[in-house]
Amino acid sequence: MSQQFEGDFSLKSIKLYPVVKTGGYGDAIDIKELLAEVTLQESVLSASLYCSVVLQDIDQNLIDSLPLMGQERIEIKISAGSTTWNLRFYVYSIDGRTMQEKNQAYVLHCCSLEALTNESKRIAERLDGVKAEEFLEEKLSLISNKKFHKDSSLHNYNMYIPNWRLFDTAIWFRTRTVSTAHKDSVGYLFWEAFDGYHFKSIDELIKQTPYPRVGKKYSFAQGNTPSAGDKFRIIKYASPKAFNVFNDARAGSFAHDACYIDINHRTYRIFRTTADDFWDDSKHLGKLKPYRTDGPVSFNKGAGRMVYRPTAINTFGKWNENQSIKKTDNIDEPNKMYEKAIYRFYFLEYNKLDIAVPGDLDIRAGNLIDISMPSPSKSDQGDIKSDSRLSGKYLVNSVTHTLNRDKLSTRITLTRDSFGGKNIADEKAIGDQVDIGR
């Protein structure tokens, strides 16, 4: 999946700064002539940008002469069109080293400085009435000057953070945070992109304007077609997963039992939930649900998984025998939201599509794009039809840019929680969550 960039792309410079004894950095070493390839990656599931630099080290042996020991700084300057990017990474690993006489090749694996800092700091403190986005913005400001893009959330947190890393805490918040604009839904994503850090509601991401603009779609075009020169064409594509009912059922993605354990009162209650209970509460990228509830086996009638949840139920009083998990009484909000999130996050990566496009440094993880894919079958008139299942809107899960001194290619992993085409009406086997008692 490689393609020459169609435009004014230029790798201006790539420099390595060795660590010196004073804790700072020494003079820059220009490694552009040693460069074989650079890979840049951002993902909505990653709290850091990552970079891999493949060097063909001829007669310099930087590993030994500097020496390379980790935390060296890599600065990459890239120009495309009228935009220039100045990217800064830090070496955390070296592998793939091969040697032949005085020639050798190896890979420098790099990340953002914040990712290294995250490994050296822990959070052990009490939160009293604090919103997730406010807490993350405050903590990030202590280790980074990058922009923080956020959506406002509904609930305050009253909890103790038990010596977690900052990024671990952000991941914990993702599955329990509710947007003020979508009070019945749940789910945020936390990631770093070229333009800073993001803590954004999944529902708001689904509502955003598609990249690059309304009405502009990515379309598959073979190399010999008139549209082959279009910057927004799909050069190659692959669909790595359609579905796997065994894995889906065992993961509890159709239905699961949630065992809420009140340690203080030495009591518990088990609630059965189904994907149907929450499907209409959230925004979705397509109309066709990725599962059936009316097949010969009703997976949503019997839970394929038991999820154990310690609960702060004693904060609100003892169990109410007539209580339902959908009601707010006697159920702490973070745990109640977590039940929705199990379905939300599982289906978020359910339908994936990998595409290769002409090199484009403007597209970001977290963007929404609209694509049109051809159907393998033709119409009666011989025209190529659109594949309704694959076509439609997708969330950009990750973006990988591969470049050397004169070429740039972009590979995008797309994801959505549904399929294109019309929804298939089926019968809901369970209309509401069921409390199956002790």
For the range 299-318, which positions are modelled with pLDDT of 75 or more and part of a loop (DSSP other than H, G, I, E, B)? Arg305
Positions within the range 149-186 being exposed (fewer than 15 other Cβ atoms within 10 Å of the Cβ), in contact with a Lys or Arg (Cβ under 8 Å, 6 or more places away or on another chain) and among the polar types (S, T, N, Q), in sequence order: Ser152, Asn156, Asn163
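Let's see how each residue does on (1) assigned by TED's automatic domain parsing to the domain that holds Leu113; (2) in contact (Cβ under 8 Å) with a residue 40 or more places away in the chain; (3) more than 22 Å from the chain's Cα centre (by Cα):
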site: Leu140; (1), (2), (3): no, yes, no
site: Lys150; (1), (2), (3): no, yes, no
site: His155; (1), (2), (3): no, yes, yes
site: Thr177; (1), (2), (3): no, yes, no
site: Ala181; (1), (2), (3): no, no, no
site: Trp191; (1), (2), (3): no, yes, no
site: Phe194; (1), (2), (3): no, yes, no
Could you list, ordered by first residue, the pairs with Cβ atoms under 6 Å in which the first is in the range 61-81 and touching a residue at least 40 places away in the same chain (Cβ under 8 Å) and the second is acidic (Asp, Glu), at least 6 apart or interchain? Gly81/Asp8
Given the structure, is Leu55 in a strand (DSSP E or B) and surrounded by 14 or more Cβ atoms within 10 Å (Cβ to Cβ)? yes
Here's a check for you: in the range 79-109, which residue that is of a type outside the set (S, T, N, Q) and not in a strand (DSSP E or B) is farthest from Lys407 (Cα to Cα)? Glu101
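Residues being assigned to a loop (DSSP other than H, G, I, E, B) and surrounded by fewer than 22 Cβ atoms within 10 Å (Cβ to Cβ): count how many of those fall in the range 187-215.
Of the residues in that region, 9 qualify.
Would you check if Ser324 is among the hydroxyl-bearing types (Ser, Thr, Tyr), surrounded by fewer than 21 Cβ atoms within 10 Å (Cβ to Cβ), in a loop (DSSP other than H, G, I, E, B) and at pLDDT 75 or above?
Values: among the hydroxyl-bearing types (Ser, Thr, Tyr): yes; surrounded by fewer than 21 Cβ atoms within 10 Å (Cβ to Cβ): yes; in a loop (DSSP other than H, G, I, E, B): yes; at pLDDT 75 or above: no.
In short, no.
The values are calculated or read from the model by the stated rules, or taken from the named source; none is laboratory data. Computed from a predicted structure; not experimentally measured. Methodologically, a virtual Cβ is constructed for each residue, glycine included, from the backbone with ideal geometry; neighbour enumeration extends over all protein chains shown.
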